[in-house]
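Encoded as structure tokens, the structure appears first; notes follow it.
The values are calculated or read from the model by the stated rules, or taken from the named source; none is laboratory data. Remember, it's a predicted structure, so these values are computed and weren't measured experimentally. Ideal geometry is used to build each Cβ from the backbone, glycine not excepted, and the neighbour counts take in all protein chains shown.
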Amino acid sequence: MPSNIEAILKKSTIPNKADALPGRTTPLTISGIHVVNKEPFIRAKKPNEAEIILGMGCFWGAERKLWNTPGVIVTSVGYAGGFTPNPTYEEVCSGQTGHSEVVQVVFDTSIISLEGVLKVFWENHDPTQGMRQGNDVGSQYRSVIYTTNDQDMPTVEASKAAFQKELISAGHGMITTEIEPLDTYYFAEEYHQQYLHKNPNGYCGLAGTGVSCPIGLAV
């Protein structure tokens, strides 16, 4: 039987594609409707809408923070950055899919800019912790940003550089956030969608560093 340390190390290591769980061809069945604002999160984007995929540790608290951000139209939670097709929550938590827990954020660009969304991202978790977030340990809790178009990457990289300077000034370490173009986003199970609205006393591990991100909120 593996020791606790071995189990933690296994969960905190992204598997090779060949070693990842096989998953399934059929997507999980979900309603696609946000239970708080009744907006569909499976949607064709309108001209004033943009999308970014963010991972800040456990997706329950991260989603609530983001759906309450002015200018954010709708959110959902899911899995991205791994190899296993249509994974389940249990599979992702095993550390054998390579996925992170993420929030899909659709926002109104006439109200909030991508920089504004990223400011909320950087300030509300600790992006220096590698394969964990606080007491939540495992590769699924790593800090990630997945862009959905090529034009967003320079903005994301600039925001990282700006926040890194502030973190160093405050005595923190280097940012470990994974920044990549999105490959595939898989919706999480229905009970995870807007979890903390359905379970107001549920677990929320969201916590920032106390460092302000200097990028602006102006559109």
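Looking at GLY134, GLY71, GLY98, just one residue is in contact (Cβ under 8 Å) with a residue 60 or more places away in the chain, touching a Phe, Trp or Tyr at 6+ places or on another chain (Cβ under 6 Å) and not basic (Lys, Arg), and that residue is GLY98. Mind checking whether some residue in the stretch 173-182 is over 30 Å from ARG43 (Cα atoms), modelled with pLDDT of 95 or more, touching a His at 6+ places or on another chain (Cβ under 9 Å) and not basic (Lys, Arg)? There is no residue in the stretch 173-182 that is over 30 Å from ARG43 (Cα atoms), modelled with pLDDT of 95 or more, touching a His at 6+ places or on another chain (Cβ under 9 Å) and not basic (Lys, Arg). Reported count of residues in the stretch 75-127, each being small (Gly, Ala, Ser) and touching a Pro at 6+ places or on another chain (Cβ under 6 Å), is 1. What do you reckon, is GLN194 touching a His at 6+ places or on another chain (Cβ under 8 Å), surrounded by 17 or more Cβ atoms within 10 Å (Cβ to Cβ), at positive phi and not aliphatic (A, V, I, L, M)? Criteria met by GLN194. On the given criteria, is ASP152 more than 24 Å from LYS165 (Cα to Cα) and surrounded by fewer than 20 Cβ atoms within 10 Å (Cβ to Cβ)? In short, no.
Among the residues of the stretch 168-191, the ones that are surrounded by 13 or more Cβ atoms within 10 Å (Cβ to Cβ), assigned to a loop (DSSP other than H, G, I, E, B) and out of contact with any Gly (no Cβ under 8 Å at 6 or more places or on another chain) come to 7 in all. Filtered by the rule that a residue be under 10 Å from TYR186 (Cα atoms) and touching a helix residue (DSSP H, G or I) at 6+ places or on another chain (Cβ under 8 Å), the stretch 85-100 gives a lone residue, HIS99.
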